[in-house]
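*Asks:* Following this message is one structure expressed as structure tokens.
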Ligand SMILES: *Cc1c(COP(=O)(O)O)cnc(C)c1O
């Protein structure tokens with residue numbers, strides 16, 4: 001059997017060990033230290049000097065803290081893009097709040113501004129103004145920022161921008177991760193850069209960053225002993241992991257280039273295959289193409305192709321199953337138009353890593369060609 005080709009696997013720059021060694025040599029093996037501060041600075045410089053970054057243990061913890069900073073609590077409602085990874089929605093439940101799921105539009109596969117407004121009006125008419133909106137740049141494709149933020153502004157609801165999959169993407173020349181009232185990043189093992197596991201919260205004020213760091217380090221009041229007047233969390237990034245992040249920041253741009261070139265190759269190879277279509281970049285949208293996705297003509301073709309790839313030891317995966325169809329969120333209200341469900345039925349993510357060799361890409365392409373030649 002040929003070796004496995006993964007959907008998206010970690011890709012080191014080679015400089016990570018230098019930073020990790022520094023941490024060991026100085027005995028900074030703790031959830032604070034020079035690598036954490038420097039990694040935060042690298043991210044701030046990359047995103048926008050006006051933003052503040054708190055490095056955390058995961059993207060999920062960043063989402064959780066952003067809800068806490070927005071004062072989301074028991075009985076509140078929070079709107080969330082339905083087509084996403086469950087981590088976008090789970091922290092709403094951690095806070096005892098109710099997720100309200102909103103469907104996607106076809107141009108970016110992200111939250112639909114029309115459905116969003118319908119949902120807000122309906123929630124308000126039922127007596128509850130949503131406390132926040134979680135919008136996601138799925139697979140690196142920026143959501144319709146202008147339209148979505150205009151609706152949010154009209155109803156004065158803050159936006160949490162889930163940028164876990166979109167570091168390196170931009171919209172109208174502004175980087176993803178800088179649009180939300182709060183924004184979150186993820187450095188999990190399969191993301192565009194990785195620290196093995198990690199995340200960050202991006203804030204607009206130093207005060208919010210300080211509060212996030214305070215909460216992420218067990219909410220210790222100033223005192224010689226351990227004094228607490230608030231509930232805290234153990235969510236801070238460690239100095240070892242931040243060392244990996246510093247190394248990864250040196251190759252972020254080249255990873256984006258490579259992932260975009262994977263997508264370009266699939267597009268050029270298959271654009272004339274009737275059963276396959278692609279998500280194009282609308283005007284002003286620049287995607288990091290974290291994952292290269294294709295749409296097939298039917299659920300049967302999608303599943304047939306997935307199994308054919310599996311036979312060749314090539315990993316592929318259906319697009320995210322919408323949250324409003326997940327058993328765990330069965331009881332949550334949802335505002336749907338069928339788009340997310342159709343994408344789930346017909347969409348497939350292909351191997352997309354920045355470390356894919358030409359030989360591996362050839363294997364993926366041959367396997368797909370073979371499937372369509374025989375079916
Ligand atoms: C990965 C991911 C997260 C969670 O990030 P972790 O670092 O794995 O906790 C949140 N939202 C989306 C859309 C993701 O893809």
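The values are calculated or read from the model by the stated rules, or taken from the named source; none is laboratory data. Treat the numbers as computed from the prediction; the structure is a model and nothing was measured. Please note: Cβ atoms are built from the backbone with ideal geometry, for glycine as well, and neighbour counts cover all protein chains shown.
*Asks:* Quick one: would you say residue 68 is outside any loop (DSSP other than H, G, I, E, B), modelled with pLDDT of 95 or more, away from the ligand (no atom under 13 Å from the Cβ) and touching a strand residue (DSSP E or B) at 6+ places or on another chain (Cβ under 7 Å)?
*Replies:* The answer is no for residue 68.
*Asks:* Right, here's the next one. All but one of (1) in contact (Cβ under 8 Å) with a residue 12 or more places away in the chain; (2) out of contact with any strand residue (DSSP E or B) (no Cβ under 9 Å at 6 or more places or on another chain) hold for residue 351, so report the exception by its number.
*Replies:* (2)
*Asks:* Those residues that are within 11 Å of the ligand (Cβ to nearest atom), surrounded by fewer than 24 Cβ atoms within 10 Å (Cβ to Cβ) and modelled with pLDDT of 95 or more, I need them from the range 173-190; list them, please.
*Replies:* Answer for the range 173-190, where residues must be within 11 Å of the ligand (Cβ to nearest atom), surrounded by fewer than 24 Cβ atoms within 10 Å (Cβ to Cβ) and modelled with pLDDT of 95 or more: just 188.
*Asks:* Restricting attention to the range 74-84, which residues are in a loop (DSSP other than H, G, I, E, B) and in contact with a helix residue (DSSP H, G or I) (Cβ under 9 Å, 6 or more places away or on another chain)?
*Replies:* 76, 82, 83, 84
*Asks:* Filter the range 195-219 down to the residues that are within 24 Å of residue 81 (Cα to Cα) and either within 14 Å of the ligand (Cβ to nearest atom) or at pLDDT below 95 (or both) and list them by number.
*Replies:* Selection gives 197, 198, 199, 200, 201, 202.
*Asks:* Taking the stated definitions as given, is residue 332 within 16 Å of the ligand (Cβ to nearest atom) and in contact (Cβ under 8 Å) with a residue 40 or more places away in the chain?
*Replies:* No.
*Asks:* Okay, next question. Can you name the residue in the range 71-92 that is more than 10 Å from the ligand (Cβ to nearest atom) and buried (at least 20 other Cβ atoms within 10 Å of the Cβ) and, of all such residues, is nearest to residue 344 (Cα to Cα)?
*Replies:* 82
*Asks:* Tell me which residues, restricted to the range 146-159, are within 17 Å of residue 104 (Cβ to Cβ) and either within 16 Å of the ligand (Cβ to nearest atom) or touching a residue at least 40 places away in the same chain (Cβ under 8 Å) (or both).
*Replies:* 148, 159
*Asks:* Shifting gears a bit: Select from the range 152-172 the residues that are buried (at least 19 other Cβ atoms within 10 Å of the Cβ) and farther than 16 Å from residue 51 by Cα and list them in ascending order.
*Replies:* 152, 157, 164, 165, 166, 169, 171
*Asks:* Restricting to the range 200-236, what's the tally of residues that are under 10 Å from residue 65 (Cβ atoms) and either part of a loop (DSSP other than H, G, I, E, B) or in contact with a strand residue (DSSP E or B) (Cβ under 8 Å, 6 or more places away or on another chain) (or both)?
*Replies:* Number of matching residues: 8.
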